[in-house]
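S.K.: This is the structure, below, for whatever I ask next.
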Amino acid sequence: MKLRRSSTVQVALTLTVLAGIVLAGTGAPCAGAQAETQAPRRAEGAQTQAAEASNEDSQDPDPRPGSVSDVFPFGVYASGNGPVPTMAAAGASLVDQIDTLCRDLRAHNFDTVWINNLSSEFLPLWLAKGREHGIRMVPQGGGMPMYLLNQGWWEARWESAIETQVKPFYEELAHKHRNDPSLLAYSIVEEIPPDSPFFPHIADITRRVADIDPHHPVIVLYNRATSAERAVREIQPAVIGYDCYPFFTNSRSGPVSHHAQRSYYERQIARFSRAAASIDAQLWIMAQSWGRTAASDQADPAYRGMRPPTRAEMRYQVWAALFHGARGIFFYAYASNAQPNRQGYYDEHFLDYKGQPLPHYDEAARISRRLDPVKPLLLRLRPQADVEVVYWENLEQLHGRTFVHELTGDRYLMAFNADVEKEQPIDLEFGYFPHYLAATDHFHDVLSGVSYEGRDLRNVVLPSGSGRLFLIGGPEAWERHLAWETTTGNNR
């Protein structure tokens with residue numbers, strides 16, 4: 001099964017649009033009457049194993065689910081009914097594919113799968129493997145009633161179906177899986193426009209599920225800031241998800257220069273960040289791991305559309321998101337079909353069309369491991385302009401922002417190098433006034449513990465696309481930081 005947005009962007013790339021515009025479209029997974037009555041072809045044994053996993057769920061639930069606000073997910077988007085296409089082509093069962101995916105993600109320090117186009121009968125299989133391997137799941141269906149549709153066969157039926165099918169389905173799902181520690185959230189639809197008729201129904205379903213299962217929220221993955229802003233007003237979700245892919249190859253489709261890509265990516269994330277912050281929702285970013293590779297010399301470059309990010313661009317996507325307050329990172333996507341598309345290009349993600357890992361997958365793993373000690377801290381930091389310590393930035397690509405710890409009240413500086421080609425020093429000018437810095441304040445690197453005076457930070461160089469986090473204050477602030485760290489299990 002194709003990943004949903006591959007086909008969406010493929011259609012969008014045939015259009016001539018201004019650089020930087022968001023490619024629209026809901027990318028609905030299926031619109032025919034068969035979506036309601038026929039499940040996709042099953043891998044051998046999957047139905048029986050799904051039933052066994054379902055029975056296991058209902059008989060012995062784990063009573064300790066975690067709250068979404070206490071989790072910093074680092075995950076990937078993957079197909080629910082065939083997550084490893086090369087294995088599926090070789091005849092591997094669905095359960096073996098899920099097991100291989102989960103093992104591979106753990107080896108790369110990933111902890112979450114955003115499962116798309118999922119047949120609901122296979123959710124118990126995913127949750128069982130999640131419990132086995134320590135992977136959390138964000139299930140997203142492939143059609144009604146698990147995924148909202150109002151196209152094709154559903155065009156005249158969707159509204160009544162929401163009342164008679166979708167709402168009962170999600171209430172039952174919440175009752176059944178509310179105690180499952182491998183469940184993180186329920187994704188009900190993605191990429192809806194701001195005038196979608198679904199908004200009031202999503203609000204109602206969100207409230208219904210929260211009454212049954214307060215730990216696992218109903219969420220939506222948006223690709224337009226105007227949609228997220230409407231969601232904040234009318235739904236007030238616990239999580240705002242945003243998918244954004246900046247690395248285009250053709251200016252008729254999107255930004256191609258680094259400056260344009262930065263403008264597109266960061267301006268949109270900033271709007272999503274403001275929307276999420278207005279209701280203190282988690283901001284999860286779905287960043288780009290995909291691109292297209294020509295299957296032959298005859299492939300027309302005009303149809304390539306997207307290129308895979310470099311290692312530095314992987315770092316850039318993550319740190320730009322963190323700089324704007326993101327509290328979760330995902331990548332689109334894990335793998336796609338082993339066959340080229342009609343334009344003669346392979347869609348490649350973390351795995352290439354042969355099922356082999358690409359270099360930016362290894363870089364994502366390195367980033368996740370590097371962030372592990374500060375992921376709990378990132379969940380507690382909020383950007384706060386009225387205590388900003390940065391007076392000005394001396395370099396175009398080097399940025400600084402002050403965050404405040406919501407529990408201790410201490411300030412933290414995040415420095416971020418947006419240059420994806422060169423390392424840059426932390427050349428920031430700090431204000432030493434009562435509302436900026438005291439003369440005794442230092443900058444303590446939260447990873448190494450090394451303490452710097454403000455002027456000494458210019459000697460610290462950030463690799464291309466990277467960032468670093470510093471506690472601001474004297475020795476007593478550092479002691480508070482260490483004491484708080486011990487409450488998260490991060491003992492130095």
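S.K.: Using the Karplus curve 6.51 cos²θ - 1.76 cosθ + 1.60 with θ = phi - 60°, what ³J(HN,Hα) values do you get for each residue of the stretch 387-402, in whole Hz, with x for Gly and Pro?
M.R.: Result, rounded to whole Hz: 10, 4, 9, 7, 7, 7, 10, 8, 10, 4, 9, 10, 10, x, 8, 9.
S.K.: Here's a follow-up. Inverting the mean 1/r over all pairs of different Cα atoms, compute the Kirkwood radius of the stretch 440-492 and quote it in Å.
M.R.: That comes to 12.0 Å for the stretch 440-492.
S.K.: Using only Cα atoms, find the angle between the long axis of helix 311-323 and the longest principal axis of the chain, and express it within 0 to 90 degrees, rounded to the nearest 10.
M.R.: Approximately 80 degrees, to the nearest ten.
S.K.: Step through the residues of the stretch 106-116 one at a time and calculate ³J(HN,Hα) from phi using the Karplus curve (6.51 cos²θ - 1.76 cosθ + 1.60, θ = phi - 60°), rounding each to whole Hz and writing x for Gly and Pro.
M.R.: 4, 5, 9, 6, 8, 10, 9, 10, 8, 8, 10
S.K.: So how many Lys-Lys pairs in the chain land under 27 Å Cα to Cα, not counting same-chain pairs under 8 apart?
M.R.: 8
S.K.: Pull up the DSSP beta bridges for the stretch 188-346 and report the antiparallel fraction as a percent, rounded to 5.
M.R.: 20 percent
S.K.: Enter the Cα centre distance for the pair the stretch 109-181 and the stretch 213-292, rounded to the nearest angstrom.
M.R.: 22 Å
S.K.: Peptides 474-486, 240-252: what's the order by average Cβ count within 10 Å, highest mean first?
M.R.: Highest to lowest by the protection proxy: 240-252, 474-486.
S.K.: For Asp204 and Ala483, calculate 0.36 nm times their separation in residues minus their Cα-Cα distance, and state this gained length in nm to one decimal.
M.R.: Extra length available between Asp204 and Ala483 comes to 96.3 nm.
S.K.: Now for a different question. Calculate the dipole size of the chain relative to its Cα centre from +1 charges on Lys and Arg beta carbons and -1 charges on Asp and Glu beta carbons; express the result in debye to the nearest 20.
M.R.: 720 debye
S.K.: Which of the peptides 361-372, 108-119, 383-394 is most tightly packed, and how do the rest follow, judged by the mean count of other Cβ atoms within 10 Å per residue?
M.R.: 108-119, 361-372, 383-394
S.K.: Here is a follow-up. Taking 4 °C and 1.567 mPa s as the conditions, I'd like the Stokes-Einstein D for the stretch 98-196 in µm²/s, using the Kirkwood hydrodynamic radius from alpha carbon pairs.
M.R.: Once the numbers are plugged in, D ends up at 89 µm²/s.
S.K.: May I pose another question? DSSP beta bridges in the chain, what fraction antiparallel, as a percent rounded to 5?
M.R.: About 50 percent, rounded to the nearest 5.
S.K.: Right, something else. Once amide H atoms are placed 1.01 Å from N in the peptide plane, what residues at a sequence separation of 5 or more from Gln282, or on another chain, have their amide H within under 5 Å of its amide H?
M.R.: Under 5 Å from the amide H of Gln282: Val239, Ile240.
S.K.: Further question on the same structure: Given the chain reduced to its alpha-carbon atoms as identical point scatterers, what log10 I(q)/I(0) does the Debye formula return at q = 0.05, 0.12, 0.13 Å⁻¹?
M.R.: -0.19, -1.10, -1.28
S.K.: Right, another one. Using only the Cα atoms, what convex hull volume per residue in Å³ does the stretch 381-487 have?
M.R.: In the stretch 381-487, the Cα convex hull volume per residue is 97 Å³.
S.K.: Place the peptides 202-208, 145-151, 326-332 in order of packing, highest mean first, counting for every residue the other Cβ atoms within 10 Å and averaging per peptide.
M.R.: Per-residue Cβ counts within 10 Å, averaged per peptide and sorted highest first, yield 326-332, 145-151, 202-208.
S.K.: Compute the long axis of helix 225-234 from its Cα atoms, compare it with the longest principal axis of the Cα atoms of the chain, and write down the angle in degrees, 0 to 90, nearest 10.
M.R.: Orientation of helix 225-234: about 80 degrees from the principal axis.
S.K.: Rounded to whole Hz and in sequence order, give me ³J(HN,Hα) for the stretch 472-479 from the Karplus expression 6.51 cos²θ - 1.76 cosθ + 1.60, θ = phi - 60°, writing x for Gly and Pro.
M.R.: 9, x, x, x, 5, 5, 5, 5
S.K.: Under 11 Å from a label point 7 Å along Cα→Cβ of Ser278: give me every residue in the stretch 200-231 with its amide N that close.
M.R.: Output list for this probe position: 226-231.
S.K.: If you don't mind, another one. Once you charge only the Cβ atoms, +1 for Lys and Arg and -1 for Asp and Glu, what is the size of the charge dipole of the stretch 381-487 about its Cα centre, to the nearest 20 debye?
M.R.: Computed about the Cα centre, the dipole is about 100 debye.
S.K.: Working out 0.36 nm times the residue gap between Asp445 and Glu163, then minus their Cα-Cα distance, what length gain in nm do you get to one decimal?
M.R.: So the extension gain works out to 96.2 nm.
S.K.: Please name whichever of Pro85, Trp478, Ser257 sits farthest to the positive end of the charge dipole of the chain, dipole taken about the Cα centre and charges placed at Cβ: Lys and Arg +1, Asp and Glu -1.
M.R.: So the residue we want is Ser257.
S.K.: Treating the Cα atoms of the stretch 321-453 as identical point scatterers in vacuum, please give the log10 of the normalised Debye intensity I(q)/I(0) at q = 0.12, 0.14, 0.16 Å⁻¹, two decimals.
M.R.: -0.63, -0.78, -0.94
The numbers here are math on the coordinates, done by the rules we state, and not lab data. Keep in mind that this is a model prediction, so the values were computed, not measured. Cβ atoms come from the backbone with ideal geometry, glycine included; neighbour counts cover every protein chain shown.
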